[in-house]
Amino acid sequence: MQLNKVVKSASKWGDWAFGSVNMAFNFTVAIDQYDYELGDWASVSGLNVSWQTTEYRTGDNWNYPLLFPGVPKYQKIKLSRAACPDSETVQRWLTETSLKSELLSGSIALVNAVGVRTVSWELREFFPSAWGIGEFNAGQGKVALETLELVHTGFLNDNFAPGRT
């Protein structure tokens, strides 16, 4: 009960400070049904969906085609951040995933300046497709960037096909 008041208060403070616009401070990634919180990420790209249209022309109205949306196509999601203690959690998850192939669900959430989730995307049937860490070069003094790519079957609530839950 007390925590709800704190979260609502923080949310109101965030609305007061930033208006209805929420700046992207970081993104939190979590996997359902597992003990893996993949932590906060500095950037996320690939939260995109597109539809190829299907055109149908009837015999009597050939000049007025009927257009229908096709199957949604989702891009790979690419996450990146500076290497941190959460990188070890990612390594444990990658090890387990490479030993046991299983489609997972989880979420990516935009977190504002006061730590309140403002919007989230629920990913269905995802798995890692690539992971990497930038070059280590002590002479350049750069931050080592970790990247993780995820393949998924969607984040829209459109699984209305018979037999799907």
Enumerate the pairs (first residue in segment 31-57 and in contact (Cβ under 8 Å) with a residue 12 or more places away in the chain and open to solvent by less than 30 Å² (accessible area, probe 1.4 Å); second residue anywhere and charged (D, E, K, R) and assigned to a strand (DSSP E or B)) with beta-carbon separation below 6 Å, excluding pairs fewer than 6 apart on the same chain, so at least 6 apart or on different chains.
TRP41/ARG81; GLY46/LYS78
Pair list, Cβ under 6 Å, 6 or more apart: segment 134-153 residue within 30 Å of SER101 (Cβ to Cβ), other residue of a type in the set (Ser, Thr, Tyr) and outside any strand (DSSP E or B):
GLU146/SER87
When the residues of segment 58-98 are filtered to those that are in contact (Cβ under 8 Å) with a residue 40 or more places away in the chain and polar (S, T, N, Q), which remaining residue is nearest to ALA109 (Cα to Cα)?
SER80
Is there a residue being more than 17 Å from the chain's Cα centre (by Cα), surrounded by fewer than 17 Cβ atoms within 10 Å (Cβ to Cβ) and not charged (D, E, K, R) anywhere in segment 116-130?
no
Taking the condition under 19 Å from ASN157 (Cα atoms) and either part of a loop (DSSP other than H, G, I, E, B) or modelled with pLDDT of 90 or more (or both), does SER87 pass?
no
Strands (runs of 3 or more DSSP E) contained entirely in segment 40-84, each with at least 2 residues that are within 27 Å of PHE126 (Cβ to Cβ) and modelled with pLDDT under 90:
49-56, 66-74
Run GLY106 past the list (1) touching a residue at least 24 places away in the same chain (Cβ under 8 Å); (2) assigned to a loop (DSSP other than H, G, I, E, B); (3) open to solvent by less than 80 Å² (accessible area, probe 1.4 Å); (4) not acidic (Asp, Glu) and report the number of the one that doesn't hold.
(2)
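The values are calculated or read from the model by the stated rules, or taken from the named source; none is laboratory data. As the structure is a prediction and not an experimental result, all values here were calculated from the model. Please note: Cβ atoms are built from the backbone with ideal geometry, for glycine as well, and neighbour counts cover all protein chains shown. The protein model used for the area step is the full one, side chains on, heavy atoms only, and it has no ligands, DNA or RNA in it. Shrake-Rupley method; radii C 1.70, N 1.55, O 1.52, S 1.80 Å.
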